[in-house]
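The values are calculated or read from the model by the stated rules, or taken from the named source; none is laboratory data. This is a predicted model, so every value here is computed, not measured. Cβ coordinates were reconstructed from backbone atoms using ideal geometry, including for glycine residues, and neighbour counts include every protein chain displayed. Only protein heavy atoms, including side chains, enter the accessible area calculation; ligands, DNA and RNA are left aside. Shrake-Rupley method; radii C 1.70, N 1.55, O 1.52, S 1.80 Å.
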Amino acid sequence: MKTLIVFNHPYEKSYCNSILNSVTTGLKKAQHQIDLIYLDKENFNPVMTATDLQAFVKRKPVDAKVIEYKSRLEEADHLVFIFPIWWELMPALTKGFIDKVIFPGVAYDYADDGNKMIPLLNIKSVTVITTMNTPSVLYRFIFGNAIRKALLTGTFWKIGYKKRKWINLSMVKSASEEKRKKWLTNIENRFAAIA
C-alpha cells in the first residue's frame, strides 16, 4: 500500500511536524510506502491563475507541479492531509492544493450528464489531521465545522470518495505535555493499524 501525505506547516518545530513523524512511524510499522508532499518546501504556487482556469475547463492541468502531483496521486492508495487551522480554515498552500490538484481530469471527472462527479483515483481513504487553538465546541457550533464541511464533505464526499476521516486536535497550545504525547501515540497506533 502507498500513502501520499500532503503536509503544510512552515515551522519545522511545529506540533504538526510531530504529528507528521507519528503518522510516518505508524505507516512504516504497517509496511506502507510513503510519499510526502511538503508544500512549504516544494515551491508550489497556490494561486489559481487565468491559465489554470482555462486548463480547468479543458480538464488538463498546465502547472508543472500539478502535473507532477497528479502522477503521485495516481500511485496512492491512501491520502493524508496534515495542517493547522488558521482563522477557522486551512492555510493558503493547502487551499491552493485543493483548488489546483483536486481538479477535473486529475482527481475526478464528470458523468455523461455533466452533473455527477466520478473519482478518477484509486484512493481508498482520505484522512485529514488538523491542529487548532479554538475549543472544539466553539469550532463546531459557532464556526460550523468549516473544515469538515469544506474539505471532507464539500470536496471529497462530493467527488465520491467514501472513506473520509477527520482527526482534529483542539486547544493544542494550552494542552499539557502528557496530552500532546498521548495524541501522538494514538495517531501512530491508528496509522500502524491501516491495512
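Per-structure values
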item: Heavy-atom accessible area per residue - region 1-160, 1.4 Å, Å²; result: 50 Å²
item: Residues with amide H under 5 Å from that of Val128, placed H, sequence gap 5 or more; result: Phe81, Lys165, Trp166, Ile167
item: Where a label projected 7 Å from the Cα of Asn122 along Cα→Cβ would reach, residues of region 73-88 with amide N under 13 Å; result: 73-78
item: Region 63-195, accessible surface, carbon-and-sulfur percent (1.4 angstrom probe); result: 55 percent
item: Packing-based ranking, highest mean first, of 176-184, 19-27, 118-126 given that Cβ atoms within 10 Å are counted; result: 19-27, 118-126, 176-184
item: Degrees, to the nearest 10: 177-192 long Cα axis against longest axis of the chain; result: 50 degrees
item: Met48-Asn186 FRET efficiency (beta carbon distance; Förster radius 35 Å; 0.05 resolution); result: 0.45
item: Listed residues Ala175, Ala76, Ala50, most fluctuating in the chain (Gaussian network, C-alpha, under 10 Å); result: Ala50
item: Which listed pairs, of Lys100/Lys149; Lys70/Lys163; Lys95/Lys158; Lys2/Lys173, have C-alpha distances above 24 Å, in listed order; result: Lys2/Lys173
item: Proportion of all alpha-carbon pairs of region 36-144 beyond 21 Å (%); result: 44 percent
item: Antiparallel DSSP beta bridges within the chain, as percent of all bridges there, nearest 5; result: 15 percent
